[in-house]
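Report on the following structure.
Here, each number is a calculation from the coordinates, and none is a lab measurement. Bear in mind that the values here come from a model prediction, so they are computed numbers and not experimental data. Backbone-built Cβ (ideal geometry, glycine too); neighbour counts: all protein chains shown.
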Amino acid sequence: MKILGIEHIGVAVKNISDNAPFWNHILGLNKTGSETVKDQGVKTDIFNTGKGKIELLEALDDTSPIAKYLDRRGPGIHHVCLQVEDITTAIKELKDNNIQTIGDHYTTGSEGYKIIFIHPKTTGGVLVELAEKPEINHEKE
């Protein structure tokens with residue numbers, strides 16, 4: 001698989017509106033978007049660092065993986081996301097090497113990325129997300 005770089009670092013927070021001002025106003029990072037990803041039970045604010053992003057993650061409800069993470073560990077770094085050239089190839093290589101993923105197929109995450117998570121049991125304790133950037137359609141309207 002070809003890793004293109006760090007796409008973002010996911011930070012679990014109890015409340016985005018309480019935490020976003022630090023990233024935006026204190027550090028001066030440009031907020032590039034907010035999104036709700038219902039099938040992952042998360043609301044996000046995304047801040048561009050110039051060489052990767054910080055993604056604040058707030059649970060939509062008590063059943064969200066982020067809510068469960070916050071209950072167990074409290075706020076903080078939730079995962080590291082690496083951008084890959086081809087998510088399908090990456091998943092095949094992981095499976096061929098007996099690397100445990102969370103799910104067998106990619107799903108769609110924030111900003112339309114194709115994503116899959118690698119279980120921390122096989123990464124030395126770090127939740128790793130792999131993401132393939134969506135193709136931009138340049139057709140004339």
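Any chance you could run the full-extension gain for residue 77 through residue 107? It's 0.36 nm times the residue separation minus the Cα-Cα distance, nm to one decimal.
Result: 8.7 nm gained on full extension.
Using alpha carbons only, what's the Rg to Rh ratio of the chain with Rh from Kirkwood?
0.97
Give me the base-10 log of I(q)/I(0) for the range 26-75 at each q in 0.14, 0.21, 0.24, 0.32 Å⁻¹, Debye formula, one uniform scatterer per Cα, rounded to two decimals.
Treating every Cα as an identical point scatterer, log10 I(q)/I(0) equals -0.40, -0.76, -0.87, -1.09.
Quick one: if you stick a label point 7 Å off each Cα along the C-beta vector at residue 133 and residue 22, how many nm between them?
2.8
Grab the DSSP H runs of the chain that are 4 residues or longer, score each as -39,500 (n - 2.57), total them, divide by all residues and round the 222 nm result to the nearest 500 deg cm²/dmol.
Only helices count here, giving -5000 deg cm²/dmol.
Work out which trypsin sites (Lys or Arg not before Pro) in the chain are exposed loop sites (DSSP not H, G, I, E or B, at most 12 other Cβ within 10 Å) and give the longest gap free of them.
52-139
Of 14/114; 31/133; 14/95; 31/95; 2/68, which pairs sit farther than 28 Å apart, going by alpha carbon to alpha carbon?
Correct reply: 14/95; 31/95; 2/68.
Can you tell me the dipole magnitude for the chain around its Cα centre, using point charges on the Cβ only (Lys, Arg +1; Asp, Glu -1), in Debye to the nearest 20?
For this selection, approximately 420 debye.
What GluC sites (Glu not before Pro) does the range 1-107 have in DSSP loop regions with at most 16 other beta carbons within 10 Å?
85
Counting alpha carbon pairs within less than 8 Å and at least 6 residues apart, what relative contact order, in whole percent, applies to the range 3-132?
The value is 26 percent.
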